[in-house]
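We did not get these values from a lab; they are worked out from the coordinates using the rules stated. No experiment lies behind these values; they were computed from the predicted model shown. All Cβ positions, glycine included, derive from the backbone under ideal geometry; neighbour counts span all protein chains shown.
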Amino acid sequence: TPWPSDGQPRTAGLSSFGASGTNVHLVIEEPPAMTTEQPEPDPRPGRQAEVFVASARSEPALRELSLRWADFLRANPATPLDSVARTIAAGRSPQQVRAAFTARDTASLADRLHDFGTGDGGPAPRRAQAAHRVKTAFMFTGQGAQFAGMGRELYESEPVFRQALERCAEIVDPVLDRPLLEIVHPAEPDGSLDRTGYTQPALFAVEFALAELWASWGVRPAAVIGHSVGEYAAACVAGAVDLEDALGLIALRARLMESVTAPGAMLALQLDAQAAERAIGSRADLVAVAAVNGPQDTVLSGDADAIAEIRAELAREGVTAKPLTVSHAFHSPLLDPVLASLEEAAAKITFREPRVPLIS
């Protein structure tokens, strides 16, 4: 039947009525028109290898599946390796018995699958037996985890990561005196990434890009938690705040913190929070418990001289205390002067209920 197009995608409805009373209606739309124009090739290198994940209900079934895939790949050598990896990972329900293979091209993957299926040796795949489904939580780190060139290989090889990082750069570059990408991936490490004004937006951007990359692979968190700077990234990934607002707020936070001139220090202790409070003693106006990272892992922050006194006292008691390499006494009374400006900016932002649990 002739069906001329009016320039819009044509849509059809198909109905099926079963004898048992089951009715199904399917709406389909024609695909985009094919074009003969070839896109400009991306000069940046792509992913260097793919992970091929196969699963079945038993060991014999897994080996049989591997042989079928090997035969398919040898009969269709032009099949893009990334398409094969995505299909086998996302197109089939995961079963209990699993094997994972890495490969740089279709031919080598076919060989590895064939060797595994026949038991003829070759590099052994990674194996796993899934007893039950587990939930995944994302934890976003705070300041101190940064290093020059972090995420460089992902930026060069993973389009999703690259696009997310460049999106963050477009948002934050107008308020920085140096492009974000130059801060994260400098030609030569110059220490600028450790400047608080640069560190915080850089860490946020990389953490957001990592979460976007995992999401593109189908890995989404059942809950998120963040530490200091990471709490902003966690809130953004959870959907509690838009990227533009979160990144703008973290950039302002970084500038405000950097403006504090009072000399401060931070000290990591192998003590519980109550013992850390006792170590502070009468210096509560100068020093605070900045973080409780575990049952015996606490961080103090505050006046540099007061921190030095506490460290000396704890050393005499045999308590391990490690100074942290930081520019300011974060999460301490010394940063109280910036709170009003930060609160004023945060009050202008629309916050929503997170889509996934956000653990403060």
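Relative to the longest principal axis of the C-alpha atoms of the chain, give the angle of the C-alpha long axis of helix 81-90, reported between 0 and 90° and rounded to the nearest 10°. In the chain, helix 81-90 runs at an angle near 80 degrees to the longest axis. To the nearest ten degrees, helix 304-316 and the longest principal axis of the Cα atoms of the chain are 90 degrees apart.
The relative contact order of the chain comes to 13 percent, based on Cα pairs under 8 Å that sit 6 or more residues apart. Per-residue ellipticity at 222 nm computed for the chain from its helices equals -12000 deg cm²/dmol, with DSSP H segments shorter than 4 residues left out and the rest contributing -39,500 (n - 2.57).
Taking every alpha-carbon pair under 8 Å whose residues sit at least 6 apart, segment 264-327 reaches a relative contact order of 46 percent. Put a plus charge on the Cβ of each Lys and Arg, a minus charge on the Cβ of each Asp and Glu, and nothing anywhere else: the dipole of the chain about its Cα centre is then about 1460 debye. Here segment 264-327 has an Rg and Dmax of 10.2, 28 Å, counting Cα atoms alone.
Summing Cβ point charges (Lys, Arg +1; Asp, Glu -1) relative to the Cα centre of segment 264-327 gives a dipole of roughly 140 debye.
Principal-axis analysis of the Cα atoms of the chain puts helix 196-216 at an angle of about 20° to the longest axis. Please rank Met266, Met257, Met150, fewest neighbouring Cβ atoms within 10 Å first, as an exposure proxy. In increasing order of surrounding Cβ atoms, one gets Met150, Met257, Met266. Exposure proxy ranking for Tyr155, Tyr232, based on other Cβ atoms within 10 angstrom of each Cβ and starting from the fewest, stands as Tyr155, Tyr232.
As a proxy for reagent exposure, Arg355, Arg253, Arg47, Arg316 were ordered by neighbouring Cβ count within 10 angstrom, fewest first; the result is Arg316, Arg355, Arg47, Arg253. Put a plus charge on the Cβ of each Lys and Arg, a minus charge on the Cβ of each Asp and Glu, and nothing anywhere else: the dipole of segment 50-129 about its Cα centre is then about 280 debye.
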